[in-house]
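> One structure follows; several queries about it will come next.
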Amino acid sequence: MPRFYRAGKGGETRTALNRLPKEPFDIDEVFRRLRVAVSRLPRAAMFELRDRGYSSPFEQLVGALISARTRDETTIQVCLRLFEVARTPRQLLDLGEDKLVHRLDGTTFASAKARDLLAISQRILDEWGGEVPDRLEELRSLRGVGPKIAALTLAIGFGRPAIAVDVHVHRIVNRWGFVSTPTPEKTMLALAQALPERYWIEINERLVPFGKFICTGVRPGCSTCPLNSICRQIGVTNPG
Ligand code: SF4
């Protein structure tokens, strides 16, 4: 007897197209399929930088800040250009604001990000002897550092279990019906309860490319999606 998903109380919308029999939601199976689905897609910027050797906590912190409201392709190019000359707080401060802004050319809000990066570097030198702090609260106290940047730094820079939730992660796990949350911040809290810790770092790595190319914001590619038989397609009214 096929199992059908019963819509929850979150006001979700289901259409005839996505009212198909669904398999039980098995998170291990979801990740198995996700790994295959994104294996040939461009990697999320911070994981691409990690795999190119820029995996220190400072490089991940800087990269995550640069990536805010900036395309992954641009983030990678800008970070590579910056890391040619500055990979530590001291080197970044020595660069100075004008040269730093020049190196950040192409990213959004280059001047503001340059000021944030200089302030962050100075604090890291003054308060933590040049080492990026490894506690969420301390990271969040740095200028311009929100929950996603702090989580990426902890997860990739320190290899600590942390869930970095961006718009893609937030949208997709809600469409799955895995959580039912109105904001990325609440999604992060819900995932901390629902998602096994072994997937905390990986979820961002898989869902950023999956969200850019398959489960897109508008007209997600449900008809060819490898998760179609599992995903509850919550709120999806115009599947591709
Ligand atoms: S593309 Fe469709 S079926 Fe696949 S995860 Fe997104 S909403 Fe679910």
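> Between Asp105 and Glu202, take the C-beta separation as r, use R0 = 41 Å, and let me know the FRET efficiency to the nearest 0.05.
0.80
> Calculate the length of the line joining the C-alpha centroid of segment 185-240 to that of segment 149-183, in whole Å.
10
> Over segment 130-235, average the accessible area per residue using a 1.4 Å probe and give it in Å², no decimals.
42
> Filter the trypsin sites (Lys or Arg not before Pro) in segment 137-227 down to the DSSP loop ones having no more than 15 other Cβ atoms within 10 Å, then list what survives.
Hits after loop and neighbour filter: Arg143.
> Then there is this: For the chain, what's the relative contact order in percent, using C-alpha pairs closer than 8 Å and at least 6 residues apart?
Here the relative contact order equals 26 percent.
> What's the extension gain from Asp26 to Arg123 if we count 0.36 nm per residue and subtract their Cα-Cα distance?
30.5 nm is the gain from fully extending Asp26 to Arg123.
> Here's something else I'd like to know. Tally up the carbon and sulfur contribution to the accessible surface of segment 45-157 as a whole percent, 1.4 Å probe, everything protein left in place.
Ligands and nucleic acids excluded, carbon and sulfur reach 46 percent.
> On a full-extension model of 0.36 nm per residue, what is the gain between Gln91 and Arg160, subtracting their alpha-carbon distance, rounded to one decimal in nm?
Contour length minus the Cα-Cα distance gives 22.3 nm.
> Give me the distance in nm between label points sitting 7 Å out from Cα along the Cα-to-Cβ direction at Glu84 and Leu189, one decimal.
Label at Glu84, label at Leu189, 4.5 nm between them.
> State the extension gain, in nm to one decimal, for the chain segment bounded by Gln77 and Ser39, taking 0.36 nm per residue of separation less the distance between their alpha-carbons.
11.5 nm
> Classify segment 45-157 as rounded, prolate or oblate from the Cα gyration tensor: take a ≥ b ≥ c as the square roots of its eigenvalues, call it rounded if a/c is under 1.5, otherwise prolate when a/b beats b/c and oblate if not.
Because its axes are fairly even, with a/c under 1.5, segment 45-157 counts as rounded.
> Which FRET efficiency, nearest 0.05, do Arg219 and Arg115 yield, Cβ-Cβ r, R0 35 Å?
Between Arg219 and Arg115 the formula returns 0.35.
> Let me ask something additional. Among Leu136, Leu207, Leu82, whose mean-square fluctuation peaks in a Gaussian network model of the chain (Cα, cutoff 10 Å)?
Leu136
> If you place +1 on the Cβ of every Lys and Arg and -1 on the Cβ of every Asp and Glu, how big does the dipole about the Cα centre of the chain come out, in debye to the nearest 20?
Numbers: 36 positive and 27 negative charges, 231 e Å.
Once rounded to the nearest 20, the dipole reads 1120 debye.
> Could you name the lysines whose alpha carbon sits less than 23 Å from that of Lys186, not counting residues in the same chain fewer than 8 places away?
Lys9, Lys148, Lys212
The values are calculated or read from the model by the stated rules, or taken from the named source; none is laboratory data. What you are looking at is a predicted structure, and each value in this text was computed from that prediction instead of being measured. No Cβ is skipped: glycine too gets one built from the backbone with ideal geometry, and neighbour counts run over all protein chains shown. The protein model used for the area step is the full one, side chains on, heavy atoms only, and it has no ligands, DNA or RNA in it. Shrake-Rupley method; radii C 1.70, N 1.55, O 1.52, S 1.80 Å.
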